[in-house]
1. Roughly speaking, what is the centre-to-centre gap between segment 256-300 and segment 125-163 when only Cα atoms are used, to the nearest Å?
2. Using 1/(1 + (r/R0)^6) with R0 = 60 angstrom and r between the beta carbons of Asp32 and Val375, what's the FRET efficiency to the nearest 0.05?
3. At 7 Å along the Cα-to-beta-carbon direction for both Thr69 and Ala274, put a label point, then send me their distance in nm to one decimal.
4. Evaluate the distance, in nm, between pseudo-label points positioned 7 Å from the Cα of Leu347 and of Glu123 along their respective Cα→Cβ axes.
5. Let me know the whole percent of all Cα-Cα pairs from segment 27-165 that are separated by more than 28 Å.
6. Please compute the alpha carbon radius of gyration of segment 239-288, then divide it by the globular-protein estimate 2.2 N^0.38 Å. Two decimals is fine.
7. Under the rule that an exposed site lies in a DSSP loop and has at most 13 other Cβ atoms within 10 Å, name the longest stretch of the chain with no trypsin sites (Lys or Arg not before Pro) of that kind, not counting the sites themselves.
8. Taking only DSSP H segments of four or more residues, each worth -39500 (n - 2.57), what value at 222 nm results for the chain once the sum is divided by all its residues, to the nearest 500 deg cm²/dmol?
Amino acid sequence: MPLALLALAVGAFGIGTTEFVMMGLLPDVADDLGISIPSAGHLVSAYALGVVIGAPLLAALTARMSRRTVLIALMALFVAGNALSAFAPGNGSLLAARFLSGLPHGAFFGVGAVVATGMVPPERKARSVSLMFLGLTVANVAGVPAATLMGQHLGWRATFLGVSAIGLVAIASLALLIPRDGTHAAPSAGLRGELAALRSLPVWLALGTTVAGFGALFAAYSYVTPMLTDTAGFAETNVTVLLALFGVGATAGNLLGGRLADHCLRGTLFGGLASLAVVLGLFPLLMRAEWSAALAVTLLGAAAFVTGSPLQLMVMEKASAAPSLASSANQAAFNLANAGGAWIGGLALAAGLGTTSPALTGAALAVLGLGVAGVAHAVDRRRATPSTGRVVTSHLPEESGALHH
């Protein structure tokens, strides 16, 4: 695999760290700024809002630029947002800085996925995407715990300065390792033309699969701490280690999904969603003992992230005229899944259905994701069928993992 993928992974590591570290720093931030923890929770929402707005907008606006230049510029914006977070004098300015930090998130992954797949032969496209996403999953294993520990001992502002330093390393890596040639976008009709490429039912079905599939993950993961403490009986001090197990599972699932998707993209997607539904459905049983609860958290990460690379490639393939924009839109869908899944899981808890009820809600969302993916497959088969009514038997691009450019 090209060494340039390492530069993309470093950027993904920094983005993954800053996205999830705020959860562990909320008490420290709230105490320092003199606000309540629920008010500090809006800092998480501000970042997610930045991702949702920035992902498609920045990808569309930079469609005619060199993708190497775009990646460096996005990472520079990331560094600026985190540096402003470190020096924010109050809650309002910190909210604005977190929103700014989120703006380049989706576009970086979107454009990065296009660059990654363009540097490898067709049979390794999914693996190239999974290697870029490796930075995101490793962030959950090492980056977030280390950054949280730094914030607790040196102050939360030091954490964001540290993340800014990671961003600077990423900029240097991108400048050194991403080739200057071959990273230019295809000729574009501008913002209107880029947006027109998304006027496609298969694209929206692929994005809908992302929302349902990862909504299933976040319906359960958002409330995994009370499951581990109240149901499985773990002490709160052990939760950090257990969440690291989730990151280990996510890393393994991400790498496995990339390898499998290069052989059969749609089969990997169906298998991942089905596995996620099964794992979440077994959560009430697995949370009855500590050993099985630890296994459940690990399997949850693996089953969810098996689908990451297939979903990214599928969206890109369905909007081949605007792959960067479609890929970025998929990151916005991921963050909508984060917010929507957490909300739906919270409804189950508020209804008094039990501590593990968000997992069962997640299982239902995974089944919904399977249904949407099935509809997408049916639509593809219908479009691949000629007027004679016979089904074309030639290999479709999504089955081999190849993309049209």
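The values are calculated or read from the model by the stated rules, or taken from the named source; none is laboratory data. Keep in mind it's a predicted model, so treat the numbers as computed, not measured. Reconstructed Cβ throughout: ideal geometry from the backbone, glycine too, with neighbour counts over all protein chains shown. These area figures cover heavy atoms from the full protein model, side chains too; ligands, DNA and RNA do not enter into them. Shrake-Rupley method; radii C 1.70, N 1.55, O 1.52, S 1.80 Å.
1. If you average the Cα positions of each part, the centres end up 23 Å apart.
2. With a Förster radius of 60 Å, E is 0.80.
3. Between Thr69 and Ala274, the label points sit 4.8 nm apart.
4. Between Leu347 and Glu123, the label points sit 4.6 nm apart.
5. That tail contains 23 percent of the Cα-Cα pairs.
6. On the way: Rg = 13.0 Å, N = 50, 2.2 N^0.38 = 9.7 Å.
Normalised Rg, Cα atoms only: 1.33.
7. Segment 1-179 is the longest.
8. On the way: 18 runs with 307 residues, N = 405.
Computed mean residue ellipticity for the chain: -25500 deg cm²/dmol.
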